[in-house]
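Written below as structure tokens is the structure these notes are about.
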Amino acid sequence: TVDALAAVSSNADGRERWQGALMNNYGTPQLTLVRGEGAHVWDADGNRYLDLLGGIAVNALGHAHPAVVEAVQRQIATLGHVSNFYASQPALDLAAALLDVLGVGDSGRVLFCNSGAEANEAAFKLARLTGRPKIVACEGAFHGRTMGALALTGQPAKREPFQPMTPGVVHVPYGDVAALEAAVDADTAAVFLEPVLGEGGVVVAPDGYLAAAREFTSRAGALLVIDEVQTGIGRLGSWFAFQRAGIVPDVVTLAKGLGGGLPLGACVGIGAAAGLLQPGQHGTTFGGNPVCCAAGLAVLRTIAAERLCEHAAELGKEIASGVEELGHPLLAGVRGTGLLIGLLLRQPVSATVASAAAEAGYLVNAVQPDAIRLAPPLVLERAQARQFLADLPALLDAALPGRPTTEA
Ligand code: PMP
């Protein structure tokens, strides 16, 4: 029965059986997590981990932040789901707050959805409404796993099993200004860009790249879509990455950190792009539901009140320089901005480092075979970061060639 299975899932043998009930799309999960608080999570056996992944950048405020807990509890007890035919106060408030932190005021309009992929699907549909056939995206970029977002994603191995793709998308090398300029023409509906390739291994766009993209798209009358699903909501040490580049895009897509752990995405249109969608052309049942929007509002307010953008900028610098100072033989370098940091390895042993880290009580992400990604909650404390830096050499030692691997 359902109850018997749930009971059995609380011991190790049972967990194995229980996991067999999930499709295998993420492989076998290494841990079952049962509780979180701040930057820490605990597994079912009571082991504590410092969460340097933040649920892949989802938990801006960390786990069980009182502001999010209180907002969600209050909202679900007041008004839960409403049909898209009616507005709800949290959605209106969050849209206004978002436009405020985006710095676009009355020229912006928000479409709420439930994930990053959905935000990019919406942006894709906006692009189609320009009537132009072509969309330019980048090699190595990640925009999501639904069919439209997958067509935008510049990682062939992810696309191949699902061919044929939605047509019209061309990919250019990331960070190559000349290639981008050559690709953007009068047929181009939109250019999709990540300010930093997140899933692609924390690859930061070269200085001037976003500004060049703005210039080429404006000149061609194409939309510039900035995918801030991973980089937005304070992660890079500013509300949004495009603000650091001094540009204003036509469309910004958001998710992850926006919902404070709840499923919430947004596609924000700015200027003419804000008016492209007509009634009946797009929507989703749970997009903009009051509970997720209440969580989102709590996230934005808390980031502002606790000055977490500034904290992310400072702590990120400290972590990056701390890692560089280690001068460990396995480390080829550090990339990233704010609290999105990539540790580059000289060997493709990131999985071994990640397992050694988990054994030592740190959750990190083997984002590429030769790169470890850190995307901790923005509330990560300085002392927690310093402890990680102190323990990091031993975690890297575990993956030095000639050492027995810790992998199961
Ligand atoms: N865009 C970027 C830049 C992302 O990093 C991700 C998720 N890793 C997505 C889109 C897709 O978001 P979701 O998983 O919420 O669909």
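Return only the number of the condition from (1) over 18 Å from V104 (Cβ atoms); (2) buried (at least 22 other Cβ atoms within 10 Å of the Cβ); (3) under 19 Å from the mean Cα position of the chain (by Cα) that N289 does not satisfy.
(3)
Can you tell me which residue within segment 200-249, out of those that are buried (at least 21 other Cβ atoms within 10 Å of the Cβ) and acidic (D, E), is farthest from the ligand (Cβ to nearest atom)?
E228
Where in segment 301-408 are the strands (runs of 3 or more DSSP E), entirely inside, with at least 3 residues that are touching a Gly at 6+ places or on another chain (Cβ under 8 Å) and farther than 18 Å from L50 by Cα?
331-337
Can you name every residue in segment 123-162 that is surrounded by fewer than 19 Cβ atoms within 10 Å (Cβ to Cβ) and assigned to a helix (DSSP H, G or I)?
Matches in segment 123-162: K125, R128, M147, P156, A157, K158, R159, E160, P161, F162.
Give me the helices (runs of 4 or more DSSP H) completely within segment 163-261, filtered to those with at least 2 residues that are hydrophobic (A, V, I, L, M, F, W, C) and farther than 29 Å from G54 by Cβ, ordered by residue number.
Of the helices (runs of 4 or more DSSP H) lying wholly inside segment 163-261, those with at least 2 residues that are hydrophobic (A, V, I, L, M, F, W, C) and farther than 29 Å from G54 by Cβ span 177-183, 209-220.
How many of the residues in segment 80-110 are part of a loop (DSSP other than H, G, I, E, B), among the hydrophobic types (A, V, I, L, M, F, W, C) and surrounded by 15 or more Cβ atoms within 10 Å (Cβ to Cβ)?
Qualifying residue count for the region: 1.
Within segment 183-201, can you find the residues that are in contact with a Ser or Thr (Cβ under 9 Å, 6 or more places away or on another chain) and either more than 20 Å from G140 (Cα to Cα) or not aromatic (F, W, Y) (or both)?
V184, T188, A189, A190, V191, E194, P195, V196, G198, E199
When only residues in segment 111-122 that are out of contact with any Asp or Glu (no Cβ under 7 Å at 6 or more places or on another chain) and in a helix (DSSP H, G or I) count, which is farthest from the ligand (Cβ to nearest atom)?
A122
Does any residue in segment 213-227 that is on the phi > 0 side of the Ramachandran plot come within less than 8 Å, Cβ to Cβ, of a residue that is within 16 Å of the ligand (Cβ to nearest atom) and not in a strand (DSSP E or B) six or more places away or on a different chain, and which pairs are these?
No pair meets every condition.
Condition test on T146, is it of a type in the set (S, T, Y), without any contact (Cβ under 8 Å) to a residue 40 or more places away in the chain, farther than 28 Å from A304 by Cβ and within 11 Å of the ligand (Cβ to nearest atom)?
Here the answer is yes, as T146 does meet what is asked.
Kindly indicate which of K125, K134 is away from the ligand (no atom under 15 Å from the Cβ) and under 18 Å from C267 (Cα atoms).
The conditions single out K125.
Matching residues to (1) surrounded by fewer than 21 Cβ atoms within 10 Å (Cβ to Cβ); (2) within 20 Å of L31 (Cα to Cα):
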| site | (1), (2) |
| --- | --- |
| G338 | no, no |
| S350 | no, yes |
| V367 | no, yes |
| D370 | yes, no |
| R373 | no, yes |
| V379 | no, no |
| R382 | yes, no |
| A390 | yes, no |
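May I ask you to list the residues in segment 44-77 that are under 22 Å from E381 (Cα atoms), in a helix (DSSP H, G or I) and free of Cβ contacts under 8 Å to residues at least 40 places away in the same chain?
Result: P66, V69.
Quick check: anything in segment 262-274 in the same structural domain as N114 (by TED's automatic domain parsing), without any contact (Cβ under 8 Å) to a residue 60 or more places away in the chain and more than 26 Å from A295 (Cα to Cα)?
Yes, that holds for at least one residue.
I'd like to verify a number: residues in segment 149-160 that are away from the ligand (no atom under 12 Å from the Cβ) and farther than 21 Å from Q281 by Cα, how many?
4
With (1) free of Cβ contacts under 8 Å to residues at least 40 places away in the same chain; (2) polar (S, T, N, Q); (3) over 27 Å from C292 (Cα atoms) as the list, and T130 as the residue in question, which single condition is left unmet?
(1)
Quick one: L210 ticks every box in (1) out of contact with any helix residue (DSSP H, G or I) (no Cβ under 7 Å at 6 or more places or on another chain); (2) closer than 28 Å to L277 by Cα; (3) touching a residue at least 12 places away in the same chain (Cβ under 8 Å) bar one, so which box is it?
(1)
The values are calculated or read from the model by the stated rules, or taken from the named source; none is laboratory data. Note that the coordinates shown come from a computational prediction; the quantities given were computed from them, not determined experimentally. Note: ideal-geometry Cβ built from the backbone for every residue, glycine included; neighbour counts use all protein chains shown.
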